[in-house]
Amino acid sequence: MVPEHNQPLNPRRFKKEHMKRSAINLKEKLAKFSEHWSPKIIAQMNDYHFKLVKFQGDFVWHRHDDTDETFIVLEGEMSINFRDGKVDLKAGEMFIVPKRVEHKPLAKDECKIMLVEPAGTVNTGNAQSDLTAEDDVWI
Ligand code: NI
């Protein structure tokens, strides 16, 4: 019997290792979709997803009861309204909304954002809305 380390790599394992060495290009990923408020997963780290999303206009008030939510602005400007104030964010800035805090993102002009949050996080949190997006779409 051939020792395990001398056996050819399992093709699935090989693919996984190979894929890991391909850069994930944010600009290329952003060019793959145009709809607003519809996060797309580009990577997973442990139980967390990295998602790209484009904002334009007003989102809905909602909260996430089980998790904080990270917004990293890649291009453009956006704000996050809270019941007692707001934070303005522009490209190169980030903000973490604590769990259970109601928030409403908005962007006057199109803004491109990376979200970092646990796999399975729904964009509208506790609020059912026309803007509720599928939570497991990879690009
Ligand atoms: Ni949210």
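The values are calculated or read from the model by the stated rules, or taken from the named source; none is laboratory data. Nothing here was measured: the structure is a model prediction, and the numbers come from that model. Because the Cβ atoms are built from the backbone with ideal geometry, glycine has one as well, and the counts that use them run over all protein chains shown.
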When residues of the stretch 40-93 are limited to those that are within 16 Å of the ligand (Cβ to nearest atom), of a type in the set (V, I, T) and not in a loop (DSSP other than H, G, I, E, B), the one farthest from K108 (Cα to Cα): I41
If a residue must be touching a His at 6+ places or on another chain (Cβ under 6 Å) and either at pLDDT 95 or above or closer than 17 Å to F50 by Cβ (or both), how many such residues does the stretch 92-129 contain? 3
Would a scan of the stretch 15-36 turn up a residue that is within 15 Å of the ligand (Cβ to nearest atom) and aromatic (F, W, Y)? no
Positions within the stretch 83-134 being among the small types (G, A, S), free of Cβ contacts under 8 Å to residues at least 40 places away in the same chain and touching a strand residue (DSSP E or B) at 6+ places or on another chain (Cβ under 6 Å), in sequence order: A91
Only residues in the stretch 53-73 that are modelled with pLDDT of 95 or more count as the first member; pair them with residues that are among the polar types (S, T, N, Q) and crowded, with 21+ Cβ neighbours inside 10 Å, Cβ under 9 angstrom, at least 6 apart or cross-chain, and list the lot. V53/N123; F59/N123; H62/N123
Kindly provide the set of residues from the stretch 94-139 that are among the charged types (D, E, K, R), within 16 Å of S38 (Cα to Cα) and within 14 Å of the ligand (Cβ to nearest atom), ordered by number. K104, E117, D135
